[in-house]
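Participant: If you scroll down you'll find the structure; I have some questions about it.
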Amino acid sequence: MRWNLWFWSRRYLFYLGYSLFLNHVVSETIKSTKCGSVFITVSSLKGSYIELNWQTSCGTDDVHPRTIALYNTDIRNRTEEVVLYDEIIAKNHPDGFYKTETPFNISEIPEDWKYNASTLSRLGVHALPYWIVSYSNTNEIIDIQPMKLQPSWMFDNREKLKNQHIGDLLIPGTHDSGCYGGIRIFEDYILTQDLPIWYQLIFGIRYLDLRIAYHQDQRFYINHEFVKVKKLDIIYSQIKEFVEKSPGEVLIIDFHRFPFPSVWDVELHHKFINYTLDQLGDYAYSKNGLQGHVSRGPTMGDIWKAGKNILFTYAEKRFTKVYPQLWDPIPQVWANTVSVHHLKNYLEDSLKRRSNNTIFNALMAELTPRTLDVITGKNTLRELANNVNSNVTKWVRDEWSKEVNIITSDFFLGNNLIDVAINVNRNR
């Protein structure tokens, strides 16, 4: 059991700091409705520029935003030098969106949350040096929010989450999670994420979609279809470090496909499973830990009590019957379309038909290029993600928040699903 006195004492101190941080962020504003609420995203297109977002659902009695601004710090903190990156007139952008020319710099994250950092990592919420502010006509702050790291958001909200079943939570995930960086051939149609697994997790992603391959060097890899992308041991090292540094977070790791070789025999499956359990088995939450039949899985409190914080799901059900550490396959709802309109209709229909026979259900909220697109160089994965990401935020936040379980995206910083998920789960 890894829950020791050292862990709990540091949790108390950093949870206290986290609570003070939240109170500071939401104070000193005049916001009374959603009108003018703000958040930051990062463009899915090359360059990774900061994007400003604000809610435009405003009534006649609401305080409407006049300007939206981007700063390097909390402007209420007079001890730091304030740099204004950008400021725009809100009414000139009626869709509540503006792409700046300020590039996002991943090196701005706190030193203790950089991968392989030797220092003790502070838990709770961490503000990055990008702050968005909405101002009224009288220059009062309507809303102010930083771009955030949220490496411990589940445990930070444990009092709200402890009695909720994991299959009922809204869980933000990434599609083809291991397909980031390091290749040149067909990069526009292979890479689905900008950031490594480590950064996905510390920002708040809690579902990973992994596609496993086995190549001639007798090593396991992440593949995008038949293209080799990343050594699996690199992925596992990042996952292991994260669960050690933030042991209250619960991850769902979905071994959804095995694309190479095209046919895996039983021996190869056993080899992969044993390799995985050798690397990460100490963190695996077993089906044996679930007492009785619960249609939506264990509660978060059950998982925390066991001190095992990874749920492995496996595409081949014949092996989930053999290994108690493997949970049944997760149905992935995939529209296979380049149309935002068709994607929304398809996902909405699937929500109405969600089966009660599975604990989890995953909406794959990304667009898919056609074969002709790849041949002609149209509809790259970045372009398609750019088309859909802001829409997905609105769909889940405003329409689907009570129905969605797992939802994934490409280039995940292009939407606000992590914040949406935290707020939905906290307020159930």
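The values are calculated or read from the model by the stated rules, or taken from the named source; none is laboratory data. All values reported here derive from a predicted model rather than from experimental measurement. Note that each Cβ is placed from the backbone with ideal geometry, even for glycine, and that neighbours are counted across all protein chains shown.
Participant: Inside region 39-66, can you point out the residues that are under 14 Å from LYS99 (Cα atoms) and of a type in the set (A, V, I, L, M)? Explain how you work it out, then say what you get.
Facilitator: Within region 39-66, the first condition is being under 14 Å from LYS99 (Cα atoms), and the residues that meet it are 39-54.
Passing the criteria: ILE40, VAL42, LEU45, ILE50, LEU52.
Participant: Shifting gears a bit: Does ASP254 satisfy the criteria of being modelled with pLDDT of 95 or more, in a helix (DSSP H, G or I) and of a type in the set (Asp, Glu)?
Facilitator: Values: modelled with pLDDT of 95 or more: yes; in a helix (DSSP H, G or I): no; of a type in the set (Asp, Glu): yes.
Judged against the criteria, ASP254 is not a match.
Participant: Kindly indicate whether TYR98 is at pLDDT 95 or above, hydroxyl-bearing (Ser, Thr, Tyr) and under 19 Å from ASP419 (Cβ atoms). Steps first, answer last, please.
Facilitator: Values: at pLDDT 95 or above: yes; hydroxyl-bearing (Ser, Thr, Tyr): yes; under 19 Å from ASP419 (Cβ atoms): yes.
Here the answer is yes, as TYR98 does meet what is asked.
Participant: Sticking with this one: If you check ILE197, ILE273, which single one turns out to be surrounded by 20 or more Cβ atoms within 10 Å (Cβ to Cβ) and farther than 30 Å from ILE422 by Cα?
Facilitator: ILE273
Participant: Further, regarding this structure: Might you let me know whether region 55-73 holds any residue that is in a strand (DSSP E or B), of a type outside the set (A, V, I, L, M) and either at pLDDT 95 or above or exposed (fewer than 14 other Cβ atoms within 10 Å of the Cβ) (or both)?
Facilitator: Yes, region 55-73 has at least one match.
Participant: Restricting to region 181-228, give me the number of residues that are among the acidic types (Asp, Glu) and free of Cβ contacts under 8 Å to residues at least 40 places away in the same chain.
Facilitator: Looking only at region 181-228, we keep the residues that are among the acidic types (Asp, Glu), and these are 187-188, 194, 209, 217, 225.
Checking which are free of Cβ contacts under 8 Å to residues at least 40 places away in the same chain leaves us with 187, 217, 225.
Summing the residues that are among the acidic types (Asp, Glu) and free of Cβ contacts under 8 Å to residues at least 40 places away in the same chain in region 181-228 gives 3.
Participant: Would you say ASP209 is assigned by TED's automatic domain parsing to the domain that holds TYR275 and in contact with a Ser or Thr (Cβ under 6 Å, 6 or more places away or on another chain)?
Facilitator: yes
Participant: Can we say ILE303 is buried (at least 21 other Cβ atoms within 10 Å of the Cβ), assigned to a helix (DSSP H, G or I) and in contact (Cβ under 8 Å) with a residue 60 or more places away in the chain?
Facilitator: Values: buried (at least 21 other Cβ atoms within 10 Å of the Cβ): yes; assigned to a helix (DSSP H, G or I): yes; in contact (Cβ under 8 Å) with a residue 60 or more places away in the chain: yes.
When the stated conditions are applied, ILE303 passes them.
Participant: Further question: State the number of residues belonging to region 306-327 that are without any contact (Cβ under 8 Å) to a residue 40 or more places away in the chain, part of a loop (DSSP other than H, G, I, E, B) and farther than 17 Å from VAL250 by Cβ.
Facilitator: Final tally of qualifying residues: 3.
Participant: If ALA335 meets every condition in (1) crowded, with 19+ Cβ neighbours inside 10 Å; (2) at pLDDT below 95 apart from one, which number is that one?
Facilitator: Of everything listed in (1) crowded, with 19+ Cβ neighbours inside 10 Å; (2) at pLDDT below 95, ALA335 misses just condition (2).
Participant: Are there any strands (runs of 3 or more DSSP E) wholly within region 177-238 with 3 or more residues that are over 20 Å from LEU277 (Cα atoms), and if so which? Break it down into steps so the answer makes sense when it comes.
Facilitator: Details: elements: 207-214, 220-224, 227-231.
Strands (runs of 3 or more DSSP E) meeting the threshold: 227-231.
Participant: Say whether the condition of being modelled with pLDDT under 95 and on the phi < 0 side of the Ramachandran plot is met by at least one residue in region 167-183.
Facilitator: Within region 167-183 (the criterion being modelled with pLDDT under 95 and on the phi < 0 side of the Ramachandran plot), the answer is yes, since at least one residue qualifies.
Participant: Sticking with this structure for a sec: Restrict the check to region 151-170 and report whether at least one residue is in the same structural domain as THR358 (by TED's automatic domain parsing), in contact (Cβ under 8 Å) with a residue 24 or more places away in the chain, touching a Lys or Arg at 6+ places or on another chain (Cβ under 8 Å) and under 21 Å from ASN53 (Cα atoms).
Facilitator: The answer is no, given that none of the residues of region 151-170 is in the same structural domain as THR358 (by TED's automatic domain parsing), in contact (Cβ under 8 Å) with a residue 24 or more places away in the chain, touching a Lys or Arg at 6+ places or on another chain (Cβ under 8 Å) and under 21 Å from ASN53 (Cα atoms).
Participant: Any residue in region 240-256 that's under 21 Å from SER121 (Cβ atoms): show its pairings with residues that are part of a loop (DSSP other than H, G, I, E, B) and not hydroxyl-bearing (Ser, Thr, Tyr) at Cβ separation under 6 Å, as long as the two are six or more apart or on different chains.
Facilitator: Listed by first residue and then by second, the contacts come to VAL243/ASN309; SER246/PRO151; PRO247/ARG2; VAL250/ASN309; LEU251/ARG206.
Participant: For region 350-366, which residues satisfy the criterion of being outside any loop (DSSP other than H, G, I, E, B) and under 23 Å from the mean Cα position of the chain (by Cα)?
Facilitator: Hits for region 350-366 are SER350, LEU351, ALA362, LEU363, MET364.
Participant: Can you spot a residue in region 78-94 that is under 23 Å from the mean Cα position of the chain (by Cα), buried (at least 16 other Cβ atoms within 10 Å of the Cβ) and outside any strand (DSSP E or B)?
Facilitator: The answer is no, given that none of the residues of region 78-94 is under 23 Å from the mean Cα position of the chain (by Cα), buried (at least 16 other Cβ atoms within 10 Å of the Cβ) and outside any strand (DSSP E or B).
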